[in-house]
Structure formats: structure tokens, C-alpha cells
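Notes to accompany the following structure.
No lab work stands behind these numbers, since they all come straight from the coordinates. Values in this document were obtained by computation on a predicted structure and should not be read as measured data. We place every Cβ from the backbone using ideal geometry, glycine too, and count neighbours over all the protein chains shown.
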Amino acid sequence: MDIALVSPRRIIRKGLCTLLAQKDSVRIVADVDNAIDSFDLIRRSQPDVLLVECTNLANDLDTLARLRMLLPETKVLLLSESPSEDFECRAIQAGARGCIPKEADLSALDRALQVVGKGEIWVSRHLATHLIESVIRGSEENGAESKALTDREWQILAFVAQGQRNKEIAGHLCVSENTVKTHLAAIYKKLRVTTRLEAALHFFHDSSRNGHGPVASPKRASPARR
């Protein structure tokens, strides 16, 4: 797996390079101090995962949002100081595939990189438990609303569960991004969620109960009515 490292502190980057080099499954293809300034280098390196050290909450979330636009296929894992549930959720909304605390040991970092490298989301056990409990509780209390999703809304929710972004979903369905955003707003309201992660968890929970089956592979659809 190819990894690119981002940290404004050279000693942190070189330390991570040394640690990760111990893993046969990992190859460091770039280490830079700023992801945006080094955008071209990162793009040429084509890393499977971009490991970014967090140093400033507001700036880091802004950088994530910009990377999401510049490098939509790049999977980002954040290395942060004991990330809170709120920060984890905000980071994932901004485009990260997960967060791992700086105090984690090398084996935990390796597992997180492997999970994110596969396109999955890495979250803390506490946050995962909280979200799953919230989804199950919401489904039990509000099952009728979940079932009220239209076929198109279920289709969009399936793409969200795959980690697809609005632009990608719009391309698969031959609709505009604004149409996707409108559908997502309706989905969030019906499921009583506020994040893509919560919506994805609803999909996996409700699809097994309501017979919607597994997430379909992305295929370009015929033009559909909005």
C-alpha cells in the first residue's frame, strides 16, 4: 500500500517514515509539509492513503474540503490529538475516511491505514457504538419514516453507503449535483440524521430488515426524472 505523509513538522514526518518502513505492506511515496502546496507531487505519487497530521482544527477541516475537490479519489486518514466524537464526525463530513489519535501504537495505525486503504471508514469504537445505537434506536422509534424512502432515495443512500460523493452519485445517475443534494436533504429529514456516516449506517441496518439487499456496484444509469 502506497502512503503519502503530510505534516508541517519535519521530525514527525521522518519519524512516521521510519516507523511505517518497518511494515512490508507499506511504501512511503511522498512526505510533504503542506498538502495543498504539494498538490501536484501528491497527485503524481498516487498514494492509496494520505496520512495527514492535524495541527489546527479550522485549517485542517478547510484543507480536507479543498483536498476533496482537488483529489476526489484520495483516501485521507487524520492523525490527531485524541479526536472527539464531534471532530471525527466533522472530519468525515469534510472528506476524511477516519481519524486516529497520535498516542495510538503502530499496530493500531497500521490497521487504520489498511481499513482506509480498502475504502472503508475508520472511527473510534466509542463513536461507532454511539452511532449504531442511535441508528437502531431511531429505526425502532421511527421505522415508518425509514420505509417511506422512495426507490430513488434508497438508490442514492446506497451510493452514500459506498462512500460516493455527490458529484460521483450525480454522474452515476445522470442527474445534477443539486438534484442529489435535494434527495439527500429529504433522506436526512426522513431518517433524522445529520451526517453521511449516520445515513450509511441506517442503510446497512435497514437494508437487512427491509429486503433492499447489498449495495449495488456503481453503474451509469439511464437519464431519470428528477
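Worth pointing out:
- Taking other C-beta atoms within 10 Å as the exposure proxy, Val6, Val160 rank Val160, Val6 from fewest upward.
- Neighbour counting of Cβ atoms within 10 Å sorts the residues Cys99, Cys174, fewest neighbours leading, into Cys174, Cys99.
- Centroid-to-centroid separation of the range 152-169 and the range 171-203 [C-alpha atoms, Å]: 7
- Proximal charge balance of Asp48 [Cβ under 12 Å; K/R count +1, D/E count -1]: +2
- Among His172, His202, sorting on how many other beta-carbon atoms sit within 10 Å of each Cβ, with the fewest leading, yields His172, His202.
- Binned Cα-Cα distance frequencies in the range 2-123 - 5 Å width, integer %: 2, 12, 25, 28, 22, 10, 1
- Cβ-based net charge around Thr194, under 12 Å, with every Lys or Arg adding one and every Asp or Glu removing one: +2
- Separation of the range 56-94 from the range 1-46 is 17 Å, based on Cα centroids.
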